[in-house]
Amino acid sequence: MIKIDLYPGQRKTCRAVATIVKGNGKIRINNIPAEVIQPEVAKELILTPTNIIGELRDRVDVNVHVNGGGFMGQAFASAVAISRALTGETKGAKDPRDHPFTKNVREEIKKKITEFDRHLLVGDPRQTESKKYGGPGARRRKQKSYR
């Protein structure tokens, strides 16, 4: 039985989990090639980590399973999961098993991704504030009249 490390990514209510294996540069999101994903903005966001690392992307295949939220949240969660998979980042400080890249290459990739955008590795913790009573939204209230 082969053991594969899972690399999670989150954004708002979306959860994405990526796996990485040796291959020839295929990136699949829910078993759909990332190159055919619509809209174009989401596709660009998903492919950002692989564009940063250059020709190293042709040595690995990344599979991502994502659910919840909207298309941009899913795209960002997928990008975070792909970045973590490429760098071998997990919550624990343990070294990943059977990672296609050596430790030196992973450190180089991590440096490049962090220079480009730190949130591709650490995620974005912002959530929408929940609506409260007495008004139409989270903070807005009905106008008060004194006369």
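The values are calculated or read from the model by the stated rules, or taken from the named source; none is laboratory data. This one's a predicted model, so the numbers in the text were calculated from it and none came from an experiment. Cβ: placed from backbone, ideal geometry, glycine included. Neighbour counts: every protein chain shown. Surface accessibility is based on the protein's heavy atoms, side chains included, excluding ligands, DNA and RNA. Shrake-Rupley method; radii C 1.70, N 1.55, O 1.52, S 1.80 Å.
Protection proxy ranking of 116-123, 33-40, by the mean of other Cβ atoms within 10 Å over each peptide's residues and highest first, is 116-123, 33-40.
With a probe of 1.4 Å, find how much accessible area the chain has per residue, and write the answer as a whole number in Å². Walk me through the numbers before you get to the answer.
Working: 9680 Å² over 147 residues.
On a per-residue basis, 66 Å².
The phi torsions of the stretch 116-126, fed into the Karplus equation with coefficients 6.51, -1.76 and 1.60 and a -60° offset, translate into couplings of 6, 7, 4, 5, 5, 9, 9, x, 10, x, 5 Hz, rounded to whole numbers, with Gly and Pro shown as x.
The accessible surface of the chain, taken with every protein chain in place and a 1.4 Å probe, is 52 percent carbon and sulfur.
Modelled spin-label separation between Lys103 and Glu115, with each label point placed 7 Å from Cα along the Cα-to-Cβ direction: 2.3 nm.
When each pair of different Cα atoms in the stretch 97-147 is counted once in the 1/r mean, what is the Kirkwood radius in angstroms, to one decimal?
15.6
Taking a ≥ b ≥ c as the square roots of the eigenvalues of the Cα gyration tensor, the stretch 57-115 is prolate, since a/c reaches 1.5 or more and a/b is larger than b/c.
Using the Kirkwood formula over every pair of different C-alpha atoms, what hydrodynamic radius in Å results for the chain? Working shown, then result.
Details: mean 1/r = 0.0606 Å⁻¹.
The answer is 16.5 Å.
Excluding Thr87 itself, what net charge comes from residues whose Cβ is under 10 Å from its Cβ, given Lys and Arg +1 and Asp and Glu -1?
Working: positive: Arg84, Arg106, Lys110, Lys111, Lys112; negative: Glu89, Glu107, Glu108.
Computed value for this residue: +2.
If you place +1 on the Cβ of every Lys and Arg and -1 on the Cβ of every Asp and Glu, how big does the dipole about the Cα centre of the chain come out, in debye to the nearest 20? Before the final figure, lay out each step's value.
Values: 29 positive and 16 negative charges, 267 e Å.
That gives a dipole near 1280 debye.
Cross-link pairs exceeding 32 Å in C-alpha to C-alpha distance, out of Lys111/Lys131; Lys22/Lys111; Lys26/Lys112; Lys43/Lys112; Lys112/Lys132, comprise Lys111/Lys131; Lys112/Lys132.
Placing dummy labels 7 Å off each Cα toward the beta-carbon, the span from Asn67 to Glu35 is 2.9 nm.
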